[in-house]
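The values are calculated or read from the model by the stated rules, or taken from the named source; none is laboratory data. Every value quoted in this text rests on a predicted model; they were computed, and no experiment measured them. Neighbour counts are summed over all protein chains in view; Cβ atoms, including those assigned to glycine, are modelled from backbone coordinates with ideal geometry. Areas reflect the complete protein model, heavy atoms only, side chains present, ligands, DNA and RNA absent. Shrake-Rupley method; radii C 1.70, N 1.55, O 1.52, S 1.80 Å.
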Amino acid sequence: MAVLTGLVALALPIAAPLAAQAPVASPAPSPDALSQALRDHGSGEVDAGDLRAVTCAETSEAPGAFDCQWEQRRDGNWHPYTSWLALVGAQWTMLDAPIPVPDFNRGKLKPLAPTAP
């Protein structure tokens, strides 16, 4: 029992720093904030109800920038988009124009056929 207690005591100081290094979820704009960022950037009027599944991850290429993805409703269908955004104070700012992402699962753009050996 004493050996087991000693092993647990040794494991705690090692596990604590590892737990502190666990990745923290990056913030992401709400559909309202993303809609405002799109308008401010000049990328058109997009209603917040036409935006969903917004996720962002910090990028090492530009400190303070986030690589964000979302789905945007157009013509009754949802289409994936991506762009870089930054959180300036309490407001999200679009750093680059939104880019439509090919949706291979829906067949919007087909991947190239493999070449014969």
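Looking across the stretch 55-74, the residues that are small (Gly, Ala, Ser) and in contact with a strand residue (DSSP E or B) (Cβ under 9 Å, 6 or more places away or on another chain) come down to Ala57, Ala62, Gly64, Ala65.
When every residue of the stretch 98-114 is checked against the conditions, at least one turns out to be open to solvent by less than 50 Å² (accessible area, probe 1.4 Å) and modelled with pLDDT of 90 or more. Taken over the stretch 39-72, the residue count meeting the criterion of being under 14 Å from the mean Cα position of the chain (by Cα) and part of a loop (DSSP other than H, G, I, E, B) is 3. When residues in the stretch 77-96 are screened for being open to solvent by less than 80 Å² (accessible area, probe 1.4 Å) and not in a loop (DSSP other than H, G, I, E, B), 13 of them pass.
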